[in-house]
Amino acid sequence: MTEIDDWELVARAQSGDMESFAALVRRYQGPLVHFCQRMTGTHEDAEDLAQESFVRLHRYLNRLTPQAKFSTVLFGIARNLTLNHLRDTKRRGRGKTDPIDDRPLAADARLEPDRQARLGEIESLLQRALGLLSPEHREVLLLRELQGMDYEAIAATVKCRKGTVKSRIARAREQLRLKLLELGGDVL
């Protein structure tokens, strides 16, 4: 059985088939929450932002046309909501003082406890270092490394040129490396 294309699901949802919209939600909920969590640092905010992204997607469903990859459109919505959230949070004075959610994103019960603990430490360190990057650098790095988007899709998502995306990713990788070292990541 072949998987139905994203835009085919959108077309069906536009015709009133809400099961097709639910299929899109199931397909993208995990990656979207993961992206938002890495951007905000908290699982609760990430779930709220992902849910709001799907609400916005549904609200503007009839305006959608397949001019780009569907994931580019959806992550663009999530990106805008997340950046607004970060800006509003900073404006209210909660910006950098919010605790980073240290719960591992990918705990695996099949691993030995000491290995699982070590991976949890590494993931916590990585999350803290990501939280120290600017939103512009963090978002392109996450879209590239965690979501596997190509440069053109990232450029469409963040609304800038492909060359800008490449330079932001290069800077983000270097900044992340330096932040990891500052946080004691040299023991990795």
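The values are calculated or read from the model by the stated rules, or taken from the named source; none is laboratory data. As the structure is a prediction and not an experimental result, all values here were calculated from the model. Methodologically, a virtual Cβ is constructed for each residue, glycine included, from the backbone with ideal geometry; neighbour enumeration extends over all protein chains shown.
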Checklist entry - Is there any pair with a first residue in the stretch 66-83 that is polar (S, T, N, Q) and a second that is not in a helix (DSSP H, G or I) whose Cβ atoms are under 8 Å apart and which are 6 or more apart or on different chains, and what are they? => result Ser71/Gln147; Ser71/Met149; Thr72/Met149
Checklist entry - Restricting the search to the stretch 143-159, which residues are surrounded by fewer than 14 Cβ atoms within 10 Å (Cβ to Cβ) and among the aromatic types (Phe, Trp, Tyr)? => result none
Checklist entry - Thr89 is checked against (1) part of a helix (DSSP H, G or I); (2) at pLDDT 85 or above and fails just one. What number does that condition carry? => result (2)
Checklist outcome for this item: Picked from the stretch 33-71 (must be surrounded by 21 or more Cβ atoms within 10 Å (Cβ to Cβ) and polar (S, T, N, Q)), the residue modelled with the highest pLDDT is Ser53
